[in-house]
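Q: One structure, pasted below without further comment.
The values are calculated or read from the model by the stated rules, or taken from the named source; none is laboratory data. The structure presented is a predicted model; accordingly, all values stated were derived computationally and were not measured. Every residue, glycine among them, receives a Cβ derived from its backbone with ideal geometry; neighbour counts consider all protein chains shown. Calculation scope for accessible area: heavy atoms of the full protein, side chains included, ligands and nucleic acids excluded. Shrake-Rupley method; radii C 1.70, N 1.55, O 1.52, S 1.80 Å.
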Amino acid sequence: RNIGKFGLFTSLPMSSFEVQVQARDVTEDYLANHSSASPLEGGLSTGVGFFDHMLDQLQSHGLLTLSVLVSPVPPNPHTVDASNRNAGRQSELAQEIGRRLGLALRPIVAERRGGRKEGATFMCPLDEALAWCRIEESDDPKATVELSNPSGGLGKFSATSVGQLRYSTIVSFFSSLSPSLGLSIHLRNVKGSNSHHVVESAFKAFARCLRLFMDGRPEGGRHWGSPTEAKGVAKADRKTKETMISVEMSSGGGKKRDSLGNSKDAGSAAVDVSTGIPAFDGLLRALFGGAGVGLVLRCKGDLWIDDHHLVEDVGISLGKCLLTLLGDKKGLNRMWLHEGSMATAVVDLSNRPHCEAEVGWRTEGTALREGSVLSKEMVEHFLESFATESRITLHVTAEGEGSDDSERATAVMEAVGKAVGGAMAKDQRREGKVASSKGTLDK
């Protein structure tokens, strides 16, 4: 039977247990009363604890409200034994849940799509792990799930399960979900050594990709018109024996200096930097210009030694400022993927600092370009320092074989900036809440 306009409830007996699935799009609750959805009756209790956790990722990151209940449910379902009461028959169970969930989501997806035909791609990081997902329409919808390493297991130690959820069950779930949803789903592990991270990043990538497939790709990550952006300002001053740095960072409009050196409103995000290293200035303009974040930066450093102290300390100062600017992260997209012609970057405002930068330098030698003080290793180290202090997860890769090293570095910085800007953008459907199944990004 139908629930409201966009939900679907299915309940079918399966031998000695019954599967009940409900789904609702948070979007409809927002459009109806500008509030997030209330929980559906039942919650998540499949009888496979880690499976419940993954379905929770789907609803949190996909802006969905789900109830998946496998009866009978014991009075206290949150013990190890009760939470995994169906682990022994999980393959059959996962297939049926996938089928029922696909049927529940199918009218929701169709309504949100409005006849659009383009597919969607998203990548999700989780510390060292990175998962890729592609969803598209197909006359013969199928799922391809490639999360295992060359040995056929998950992560560094080739695990065959996470908790009590088997990898084969994950494949069964998506293989059943895809045809009932009427969409081809492609999931791939790009990298990752921790089996929990590999699986969780895959479910998050699917959730984000499905949401993007429904919404369409908005400009700069912004949904629902042009929501009012928070006009915050963050400042930082750093003074050591090696460097002196002053930073002012702003969202929703930038700052610039007049002829007397006074800071004034620029109306739109302006990037005004002076580090003493022209090549570094250009990279910072690409980064913060791409993010749409205003920046005024002045610094002096011991360049007579080398570029290390100045570049590292700028990364530290800018990361701290960005962390302050992000605040509690409520209402923000949190994750965003930018695929440029020369570089791809994905950012998660996760409060879990991690950076993996693959620039693929094309020339030998240490300098970014001939005659420059800026070294190639410090471009990468800057990103590490920036990610660490802003407490973001960042994966960025330069694409293609062509272009010189300076162009590759600029493309990387711009891609990172675009991804940061998209992650910082507000989604009104998340108003007052952080995009996390934990309910917080502070712990």
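Q: Just checking, which of Glu146, Glu137 is under 22 Å from the mean Cα position of the chain (by Cα), charged (D, E, K, R), farther than 22 Å from Gly49 by Cβ and surrounded by fewer than 19 Cβ atoms within 10 Å (Cβ to Cβ)?
A: After ruling out the rest, the residue left standing is Glu146.
Q: Here's another thing I want to ask about it. Out of Arg352, Arg369, Arg391, which single residue is open to solvent by 20 Å² or more (accessible area, probe 1.4 Å), within 22 Å of Leu310 (Cα to Cα) and within 18 Å of the chain's Cα centre (by Cα)? Full working, then the answer.
A: Details: Arg352 fails: within 22 Å of Leu310 (Cα to Cα); Arg369 fails: within 18 Å of the chain's Cα centre (by Cα).
Exactly one of Arg352, Arg369, Arg391 is open to solvent by 20 Å² or more (accessible area, probe 1.4 Å), within 22 Å of Leu310 (Cα to Cα) and within 18 Å of the chain's Cα centre (by Cα), namely Arg391.
Q: Still on this model: Tell me the residue from Arg85, Arg116, Arg99, Arg89 that is open to solvent by 60 Å² or more (accessible area, probe 1.4 Å), modelled with pLDDT of 95 or more and of a type in the set (D, E, K, R), please. Break it down stepwise before answering.
A: Values: Arg85 fails: modelled with pLDDT of 95 or more; Arg116 fails: modelled with pLDDT of 95 or more; Arg89 fails: modelled with pLDDT of 95 or more.
That would be Arg99, the only listed residue that is open to solvent by 60 Å² or more (accessible area, probe 1.4 Å), modelled with pLDDT of 95 or more and of a type in the set (D, E, K, R).
Q: Can I ask one more? Residue check, Lys426 against (1) surrounded by fewer than 24 Cβ atoms within 10 Å (Cβ to Cβ); (2) modelled with pLDDT of 90 or more, all met but one. Which one?
A: In the conditions (1) surrounded by fewer than 24 Cβ atoms within 10 Å (Cβ to Cβ); (2) modelled with pLDDT of 90 or more, Lys426 misses (2) alone.
Q: Quick one: Val434 ticks every box in (1) over 21 Å from Cys133 (Cβ atoms); (2) of a type outside the set (Lys, Arg); (3) open to solvent by less than 40 Å² (accessible area, probe 1.4 Å); (4) part of a helix (DSSP H, G or I) bar one, so which box is it?
A: Condition (4) is where Val434 drops out.
Q: Out of the range 343-373, which residues are modelled with pLDDT under 90 and on the phi < 0 side of the Ramachandran plot?
A: Trp361, Arg362, Thr363, Glu364, Thr366, Ala367, Leu368, Arg369, Glu370, Ser372, Val373 - these are the residues of the range 343-373 that are modelled with pLDDT under 90 and on the phi < 0 side of the Ramachandran plot.
Q: Do we find that Val73 is touching a strand residue (DSSP E or B) at 6+ places or on another chain (Cβ under 6 Å), at pLDDT below 95, more than 28 Å from Ala419 (Cβ to Cβ) and open to solvent by 30 Å² or more (accessible area, probe 1.4 Å) in this structure?
A: Here the answer is yes, as Val73 does meet what is asked.
Q: Right, something else. Return the total of residues in the range 394-404 being surrounded by 20 or more Cβ atoms within 10 Å (Cβ to Cβ) and modelled with pLDDT under 95. Break it down stepwise before answering.
A: Step one: filter the range 394-404 for residues surrounded by 20 or more Cβ atoms within 10 Å (Cβ to Cβ), giving 394-396, 398.
This time we only want the ones that are modelled with pLDDT under 95, so: 398.
Counting residues in the range 394-404 that are surrounded by 20 or more Cβ atoms within 10 Å (Cβ to Cβ) and modelled with pLDDT under 95 gives 1.
Q: What are the pairs with Cβ atoms under 7 angstrom where one residue, in the range 100-121, is more than 20 Å from His186 (Cβ to Cβ) and the other, located anywhere, is in a helix (DSSP H, G or I) and open to solvent by less than 50 Å² (accessible area, probe 1.4 Å)? Sequence gap at least six, or different chains.
A: Going by the 7 Å Cβ cut-off, the qualifying pairs are Leu103/Ser180; Arg112/Thr27; Arg112/Met214; Arg112/Asp215.
Q: Another one. With a cut-off of at least 1 residues that are at pLDDT below 85, name the strands (runs of 3 or more DSSP E) lying wholly within the range 222-283.
A: 255-257, 263-265
Q: Report every pair of residues separated by at least 6 positions or lying on different chains whose Cβ atoms are under 8 Å apart, first residue within the range 17-43 and aromatic (Phe, Trp, Tyr), second assigned to a loop (DSSP other than H, G, I, E, B) and modelled with pLDDT of 80 or more.
A: Taking only residues 6 or more apart or on different chains, the pairs are Phe17/Gly47; Phe17/Pro72; Phe17/Asn86.
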